[in-house]
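One structure follows; several queries about it will come next.
The values are calculated or read from the model by the stated rules, or taken from the named source; none is laboratory data. The structure displayed is predicted, hence computed values, not measured ones. When we count neighbours, we look across all protein chains shown, and the Cβ atoms used for this are built from the backbone with ideal geometry, even at glycine.
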Amino acid sequence: MRAYIPEYRLASPSTLDEALTLLQVEPGVWRPFAGGTDLMVLLEAGKLAHRNYLNIWNLKELTGINIQPEYVKLGALTTYTEVQRNPILSEEFPMLCQAASETGGPAIQNRGTLGGNIVNGSPAADSPPALLAYEASLELTSAGALRIVPYSSFHTGYKQMDLRPDELLTAIRLPRNTQGLVHYYRKVGTRKAQAIAKVCFAAVAQTSDIHIQEVRIGLGSVAPIPVRCVKTEAILKGQQVTRSLIESAKAVLASEIAPIDDMRSNKFYRSHISQNLLGDFLSRLTNGQTGDARSVRVDSAGSKKSI
């Protein structure tokens, strides 16, 4: 059953200040509406419960990719297509570009936004694992203040996040600290395109003298929220990659995730695949893909591509 359109209200402020003022005056009443790639599906199905929406699609303050010496700042309305086309992101943050390329088809990539992907709060979203591995932070703006929070602490539970009713996610910051890292991204789904992930794995690492000096790991579709696997990272840092270390790391990773059974997969499969992807990532560090390489990614079919 389709939703009845006259039951809904849509406000379209012309500036960010106007939008923030409306959120301040009526907190919790208005829900931001950007690309609408998720909300329109619910509307069509008659399952869109909220009734008042704030159209932020035309707010210029939320657009653009700004390159700073220490970080890249992406406006919350940056689309997946814009992510893929940016040369700095392709060079320094290839996992985010790959995640953008595997999110839906061209129509979704042209309309869907990075900010919307984050605040939608889906644990199966494609970009969050890469954002976790890249240590992204978020700019949360209200009428009276700006907060910058680590993305790793933003999601607090399923569809719950550290975002107040009077705030908008206005930008994502990516620290430019990826030089010398190996990048590994893998989305496992039913098919190679336009599929929701059963497991999404993103990791970066740097090695020196065959020891792991730096490693960051993010996973999606294995818990109520996207997961940064800090315990797994801790046992890997400073260690030489051996079969024993890989098996120990797999066990720790299994304890950090909480996959479920659903219509797309089951918890055993998700746990098993997550551990195998970790093993593959670590094995590649010992096969010539060290921190001396500019960057390496793995596509959905498992083929290796140098960037």
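Looking at 210, 196, which one is on the phi > 0 side of the Ramachandran plot, among the aliphatic types (A, V, I, L, M) and out of contact with any Gly (no Cβ under 6 Å at 6 or more places or on another chain)?
Result of the check over 210, 196: 210.
Turning to a different aspect of this structure: Within the set of pairs 6+ apart or on separate chains, which have a first residue in the stretch 281-292 that is modelled with pLDDT of 90 or more, a second that is in a loop (DSSP other than H, G, I, E, B), and C-beta atoms under 8 Å apart?
Short answer, once both residue conditions are applied: 282/241; 283/241; 285/241.
Six or more apart or on different chains, Cβ atoms under 9 Å: show the pairs whose first residue is in the stretch 246-259 and within 15 Å of residue 226 (Cα to Cα) and at pLDDT 95 or above and whose second is hydrophobic (A, V, I, L, M, F, W, C) and exposed (fewer than 14 other Cβ atoms within 10 Å of the Cβ).
256/230
Let's see how each residue does on (1) in the same structural domain as residue 132 (by TED's automatic domain parsing); (2) surrounded by fewer than 16 Cβ atoms within 10 Å (Cβ to Cβ); (3) under 21 Å from residue 149 (Cα atoms); (4) at pLDDT 95 or above:
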site: 14; (1), (2), (3), (4): no, yes, no, yes
site: 45; (1), (2), (3), (4): no, yes, no, no
site: 78; (1), (2), (3), (4): yes, no, yes, yes
site: 82; (1), (2), (3), (4): yes, no, no, yes
site: 87; (1), (2), (3), (4): yes, yes, no, yes
site: 98; (1), (2), (3), (4): yes, no, no, yes
site: 102; (1), (2), (3), (4): yes, no, no, no
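Can you work out which of the residues in the stretch 21-39 that are of a type in the set (A, V, I, L, M) and buried (at least 20 other Cβ atoms within 10 Å of the Cβ) is farthest from residue 52 (Cα to Cα)?
34
Moving on. Given the criteria within 13 Å of residue 125 (Cα to Cα) and not assigned by TED's automatic domain parsing to the domain that holds residue 131, does residue 231 qualify?
no
Could you look through the stretch 253-273, keep only residues that are charged (D, E, K, R) and within 13 Å of residue 219 (Cα to Cα), and pick out the one that is surrounded by the most Cβ atoms within 10 Å (Cβ to Cβ)?
270
Being over 12 Å from the mean Cα position of the chain (by Cα) and within 25 Å of residue 28 (Cβ to Cβ) narrows it down to one residue among 189, 157; which is it?
157
OK, next. Please verify whether the stretch 47-64 includes one or more residues that are closer than 15 Å to residue 120 by Cα, surrounded by 15 or more Cβ atoms within 10 Å (Cβ to Cβ) and among the acidic types (Asp, Glu).
No: zero hits.
Please work out if residue 70 is on the phi < 0 side of the Ramachandran plot and either without any contact (Cβ under 8 Å) to a residue 24 or more places away in the chain or buried (at least 18 other Cβ atoms within 10 Å of the Cβ) (or both).
Answer is no for this residue.
Next question. Kindly indicate which of 158, 134, 185 is within 24 Å of residue 54 (Cα to Cα) and either touching a residue at least 24 places away in the same chain (Cβ under 8 Å) or assigned by TED's automatic domain parsing to the domain that holds residue 89 (or both).
158
Something else now. Going through the stretch 83-119 one residue at a time, which ones are of a type in the set (D, E, K, R) and either more than 16 Å from residue 226 (Cβ to Cβ) or out of contact with any Lys or Arg (no Cβ under 6 Å at 6 or more places or on another chain) (or both)?
Across the stretch 83-119, the qualifying residues are 85, 91, 92, 111.
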